[in-house]
Amino acid sequence: MEVLRNDMVRQPQPRIGQGSTAPSRNGPSSWFAILLALIGGLVPGSAAEPASESSLRAVLIYRFTTLAQFPAASFASPEAPIRIVVLGSDPVFEPLRKLVADKKLAGRPIEVSTTTSPDVAAEGLVVYVAPSAAASTDALLKQTQEKPVLSIGSVGAFCAKGGMIAIFRKEQKLDYDINADAVQRAAQKGIQLNPIVFKVGKTVRD
């Protein structure tokens with residue numbers, strides 16, 4: 001299984017998208033402190049057996065979910081679950097399913113499912129588009145453009161297409177972009193995203 005070592009985390013570069021009001025990264029120490037705050041205590045593995053990339057991606061997907069507030073109208077009842085849907089076949093599904101199995105957010109359980117249908121995926125509150133489903137990105141974003149859905153992609157081009165967050169490998173390191181325009185559109189539909197996500201990821205615009 002492919003793993004990511006500590007030296008495979010991208011070194012910080014304080015870049016902010018043009019016109020963005022998001023806070024910048026303030027150097028290596030600040031960047032790593034924020035990263036640890038973002039995923040601390042959730043990453044499995046050790047120095048002898050580092051966490052797999054799929055496990056790290058699962059942690060990021062879960063953490064982004066915890067940093068989002070969804071409108072009450074998104075839920076059929078106070079006990080309705082927060083649904084995370086993986087669009088396409090991807091090894092992130094199993095570690096993500098295990099990670100959320102015993103967790104609740106705002107008193108709600110978290111459910112993880114997988115599908116190859118953009119229409120079905122669009123019914124989730126959080127959607128992760130796997131590399132195998134990259135060709136369905138446009139269809140998924142079209143289906144969710146009027147819905148309060150946190151969209152997360154697995155390739156850098158996801159944000160350029162209008163997605164909110166893209167988790168990807170760059171020069172053998174794991175990183176993410178966050179689309180300020182998409183975050184603003186999501187806010188108009190009732191999703192509030194904690195600004196800490198801007199302190200680690202690179203802010204872009206679509």
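The values are calculated or read from the model by the stated rules, or taken from the named source; none is laboratory data. Here the structure is a predicted model, which is why all the values come from computation and not from measurement. Virtual Cβ from ideal backbone geometry, glycine too; neighbours counted across all protein chains shown.
Among the residues of region 52-77, those that are modelled with pLDDT under 90 and either surrounded by fewer than 21 Cβ atoms within 10 Å (Cβ to Cβ) or within 13 Å of Val149 (Cα to Cα) (or both) comprise Ser52, Glu53.
One residue stands out in region 181-206 among those that are touching a Gly at 6+ places or on another chain (Cβ under 9 Å) and part of a strand (DSSP E or B): the one that is surrounded by the most Cβ atoms within 10 Å (Cβ to Cβ), namely Thr203. Total residues in region 58-103 satisfying the condition of being within 25 Å of Phe168 (Cβ to Cβ), of a type outside the set (A, V, I, L, M) and under 14 Å from the mean Cα position of the chain (by Cα): the figure is 7. Taking the criterion of being among the small types (Gly, Ala, Ser) and farther than 20 Å from Glu53 by Cα, the residues of region 95-110 that qualify are Ala106, Gly107.
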